[in-house]
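What follows is a single structure, written as C-alpha cells, with notes after it.
Each value in this text was obtained by applying a stated rule to the coordinates, not by laboratory testing. Here the structure is a predicted model, which is why all the values come from computation and not from measurement. Here the Cβ is made from the backbone with ideal geometry for all residues, glycine too, and neighbour counts use every protein chain on show.
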Amino acid sequence: MSQRETLVHLFAGGCGGTVGAILTCPLEVVKTRLQSSTVNLLYFSEVHLSTVNGAGVARMATPGPLHCLKLIMEREGPRSLFRGLGPTLVGVAPSRAIYFAAYSCAKEKLNGVLDPDSTQVHMLSAGLAGFTAITATNPIWLIKTRLQLDARKRGERRMNALECVQRVYQTDGVRGFYRGMSASYAGISETVIHFVLYESIKQRLREAKARAAMVEQEDEGVKDASDFVGMMLAAATSKTCATCIAYPHEVIRTRLREEGSRYRSFWQTLLTVPREEGYRALYRGLTTHLVRQIPNTAIMMSTYELVVYLLHR
C-alpha cells in the first residue's frame, strides 16, 4: 500500500468515527451508566416487594434506558448527556484511523499469503487491527468511562479530563490507565464477526450491482445513493449480529474501569457478576447499546466509504 493510500484510510477512518461519536454520545452515556455496578445507587429506582416464604423482601429494580435518560436530564442537566465527549473526540479519530489503516494494511499483506479476500483474511485483519487500536488508545477510553460515571447534581462542579487523569495516576499509577484492556481484547471477537459479515454482505451487493450493470449496460464503477444505503444496511446488520454475541465484554470492561472497582480481572468479573446479580446483568444496557451502535456503525462505515470514494475520484 502506498503512503497516499495509507493516509486516505487514516483520514477516512477518523472522519467516520468522529461523526458517529458526536451524534450518538447521549446514548453512550446512558449505556455506560446502565452497565455500571453502581447504577442502582446512582438512580434509586422503585422498590418492589416480593414474598419469599411469607417474608417481605425489598428489591431495587434496575432503571431502564428511558428512565435513566430522564433521571440524567432531571438531576444533572442536558450537558451531562455529553459527559466524556472530549476524550471521545480526542480518541475516536486516532482510534478509528489506526484501526482502518491497520485493517487495510493487514488485509493487503494477508491477501498475498492466504486466499485473497477470504473469510480468514478478513478475520485476521480485523483481529490485528483491533489489537493495535486497543493497545494504543485504552487510556483515553478509561478516562471517558470515568467521566461518564461521574454523576453530579445540577450546580455541582464536575470533574474535568485533566483532573480525572491526575486521580487515576495518584490512585493506581500508570497501570491504572490500562484497566479494562483485557475485556477490550476479548471484544475483538465482536469486531472480527462484524467485519467478516460486513465484507461478505458488501461483496454480495457488489456482485448484484455488477449483474444489474451488465443487464442495463451501465458502468458499475459509478456510485449513487443506493450504494451508500446498501453499505449502511450492511454495516448495521453485521454489527447487530456481532454485538448480540459478544456484548458481555462491554459490561465487564465498564466494571473494570470504575473508580475504586473491586473487580480485578476479566475472568474474575465474568464469574462474579452472574453469581451476585444473575446472568441478565451481563446484558445490562444491551438495548441502549444496539440503539446507539447500529446508527453509529452505519454512519461511521458509510462516512468512511464515502470519504475513500471521494478521495479516489
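Where does helix 65-75 land angle-wise versus the long Cα axis of the chain, in degrees 0 to 90, nearest 10?
In the chain, helix 65-75 runs at an angle near 60 degrees to the longest axis.
Which value does Rg/Rh take for the chain over its C-alpha atoms, Rh per Kirkwood?
Rg/Rh: 1.02.
With 22 Å as the limit, write out which pairs from Lys107/Lys144; Lys31/Lys202; Lys31/Lys239; Lys107/Lys202; Lys70/Lys153 have Cα-Cα distances beyond it, or answer none.
Lys107/Lys144; Lys31/Lys202
Please compute the contact order of the chain in relative form: average sequence separation of alpha-carbon pairs under 8 Å and at least six residues apart, divided by the residue count, as a percent.
Normalised by residue count, the contact order of the chain is 27 percent.
Compute the FRET efficiency between Asn160 and Leu311 as 1/(1 + (r/R0)^6), taking r as their Cβ-Cβ distance and R0 = 30 Å, and round to the nearest 0.05.
In this case the efficiency is close to 0.25.
Measuring from centroid to centroid over Cα atoms, what is the spacing of the stretch 77-91 and the stretch 3-36 in Å?
12 Å
Sum up the charges of everything whose Cβ sits under 13 Å from the Cβ of Leu256, counting Lys and Arg as +1 and Asp and Glu as -1, but leave Leu256 out.
+4
Any chance you could give the angle, 0 to 90 degrees and rounded to 10, that helix 266-277 forms with the longest Cα principal axis of the chain?
Between helix and principal axis, roughly 50 degrees.
What longest region of the chain stays clear of GluC sites (Glu not before Pro) that DSSP places outside H, G, I, E and B and that have at most 12 other Cβ atoms within 10 Å?
Value returned for the longest uninterrupted segment is 47-155.
I'd like the FRET efficiency for Tyr279 and Thr6, computed as 1/(1 + (r/R0)^6) with the beta carbon distance as r and R0 of 45 Å, rounded to 0.05.
0.55
May I ask for the net charge around Arg83, where only other residues with Cβ less than 11 Å from the Cβ of Arg83 are counted and Lys, Arg are +1 while Asp, Glu are -1? Spell out each step's value before the answer.
Values: positive: Arg33, Arg79, Lys144, Arg146, Arg152, Arg158; negative: Glu28, Glu76, Asp150.
Residues close to Arg83 contribute a combined charge of +3.
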